[in-house]
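Structure first, commentary second.
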Amino acid sequence: MKKLTYQNLTHLPNMSRRGFLHASLGITLALTSGNIYAINGGLFKQSPEDKLLSILNNQSSISVGQLILKESNLDLPAPKLLTSILSNLNLSLDTLTLITKKELSTRLQQQTTNDFDSWHIVNVSGWVIGLTEAKLCMLAANRSLSFQ
């Protein structure tokens, strides 16, 4: 008869049953929440609005957006802002998820130049900005109001 030998497992971390359950529950919640994805090597899913607004200075764009909403005659309902901005940047929701922040920034710079060339501009308290950038600022202002 062979004698059973036990391996020394002191090199493994000591995890109690409670610790194991907490870790398992945390992993399960993270995976089932839908916030983890593998597109663009990112970890957290970003809304289309957040991705568009990530190329702007947050506080400045909110302030400018609030002025535009108050002073300008731009009458664009909040739900249509996203589709209008995507249209101006020649993007769809699918391509927006695949595009990098640098490419998005480049597209905005090109579109701002196009807006000025075609006189699609907005005057905000003496500042002149392109229409697409103005729409992005309006989106930022609307988003800030929805989080308050």
Listed residues Thr100, Thr106; which is over 17 Å from Lys135 (Cβ atoms), modelled with pLDDT of 90 or more, in contact with a helix residue (DSSP H, G or I) (Cβ under 8 Å, 6 or more places away or on another chain) and exposed (fewer than 14 other Cβ atoms within 10 Å of the Cβ)? Thr100
Surrounded by 18 or more Cβ atoms within 10 Å (Cβ to Cβ) and not small (Gly, Ala, Ser): which single residue out of Val128, Val122 fits that description? Val122
Which condition number in (1) buried (at least 16 other Cβ atoms within 10 Å of the Cβ); (2) modelled with pLDDT under 90 is the one that Asn40 fails? (1)
Which ones in the stretch 77-97 are under 12 Å from Thr132 (Cβ atoms) and either touching a residue at least 40 places away in the same chain (Cβ under 8 Å) or among the hydrophobic types (A, V, I, L, M, F, W, C) (or both)? Leu81, Ser84, Ile85, Leu86, Asn88, Leu89, Leu91
Take Thr113 and tell me if it is part of a helix (DSSP H, G or I), modelled with pLDDT of 90 or more, loosely packed, with under 15 Cβ neighbours inside 10 Å and not basic (Lys, Arg). yes
Would you check if Ser87 is small (Gly, Ala, Ser), more than 16 Å from Ser47 (Cβ to Cβ) and surrounded by fewer than 17 Cβ atoms within 10 Å (Cβ to Cβ)? yes
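The values are calculated or read from the model by the stated rules, or taken from the named source; none is laboratory data. None of these values were measured; they are calculated from a predicted model. For neighbour counting, all protein chains shown are included, and Cβ atoms are generated from backbone atoms with ideal geometry for every residue, glycine included.
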